[in-house]
1. When you look at Asp93, is it charged (D, E, K, R), surrounded by fewer than 16 Cβ atoms within 10 Å (Cβ to Cβ), modelled with pLDDT under 90 and farther than 26 Å from Ala55 by Cα, yes or no?
2. Got a sec? Which of Ala32, Ala50, Ala55 is among the small types (Gly, Ala, Ser) and under 25 Å from Ile119 (Cα atoms)?
3. Can you find a residue in the stretch 40-55 that is part of a loop (DSSP other than H, G, I, E, B) and either aliphatic (A, V, I, L, M) or modelled with pLDDT under 90 (or both)?
4. Any residue in the stretch 38-62 that's without any contact (Cβ under 8 Å) to a residue 40 or more places away in the chain: show its pairings with residues that are outside any helix (DSSP H, G or I) and crowded, with 20+ Cβ neighbours inside 10 Å at Cβ separation under 7 Å, as long as the two are six or more apart or on different chains.
5. Going through the stretch 126-147 one residue at a time, which ones are of a type outside the set (Lys, Arg), assigned to a strand (DSSP E or B) and closer than 19 Å to Glu89 by Cα?
Amino acid sequence: MMRHVTRHLLSARGQTLVEFALIAPIFVILLAGIIDFAMAMDRRITVQHAIREGARYAAVTDDVGLVCDRVIEQAQGIVTGSDITISYEDMDDPPNSRDTDVGDSVKVTAHFTYDLPIIGPAISGLSGTDIGTIDMSPWGDARLERSVSGATVCP
């Protein structure tokens, strides 16, 4: 009788181990994906804040270099000057006019690519395609508080 009970307990433990071995990789991949996307969203929010800060700063100054420096500083190294575009939209004059007045719009945009460090290589290796990156282009705009003769890219 005791032998039968012991065998039953060992059998149940073996079944549990096999079930865990089948399910554990799925949970690990799911957890890695959650961590990767959380880090990507953290980067996106950081850059969005930097862009908003840059647009606000561009509304009160006409020095594009200072605006770019402000965005790069606030973005904590995620973007560089070549990733940032500053454009002025003149509401009264024809398109592509370089002079803007108070009340016109300034738009700051940054483009960057985030590589998924955990799940990206695994998915790329399994599928044979490069889907381990996310392209992001956050932007922000503000109304000018002074007249500006606008540039469109960071130096």
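1. Details: charged (D, E, K, R): yes; surrounded by fewer than 16 Cβ atoms within 10 Å (Cβ to Cβ): yes; modelled with pLDDT under 90: yes; farther than 26 Å from Ala55 by Cα: no.
So Asp93 fails the test.
2. When all the criteria are applied, what remains is Ala32.
3. Within the stretch 40-55 (the criterion being part of a loop (DSSP other than H, G, I, E, B) and either aliphatic (A, V, I, L, M) or modelled with pLDDT under 90 (or both)), the answer is no, since none of the residues qualifies.
4. As it stands, the answer is Thr46/Ala75, since those pairs meet every condition given.
5. Kept after step one, since they are of a type outside the set (Lys, Arg), are these residues of the stretch 126-147: 126-142, 144-145, 147.
Going one step further and asking which of them are assigned to a strand (DSSP E or B), we end up with 133-136, 139-142.
Once the filter is applied, which keeps residues that are of a type outside the set (Lys, Arg), assigned to a strand (DSSP E or B) and closer than 19 Å to Glu89 by Cα, the stretch 126-147 yields Trp139, Gly140, Asp141, Ala142.
The values are calculated or read from the model by the stated rules, or taken from the named source; none is laboratory data. Model, not experiment: these values are computed from the prediction. Cβ coordinates were reconstructed from backbone atoms using ideal geometry, including for glycine residues, and neighbour counts include every protein chain displayed.
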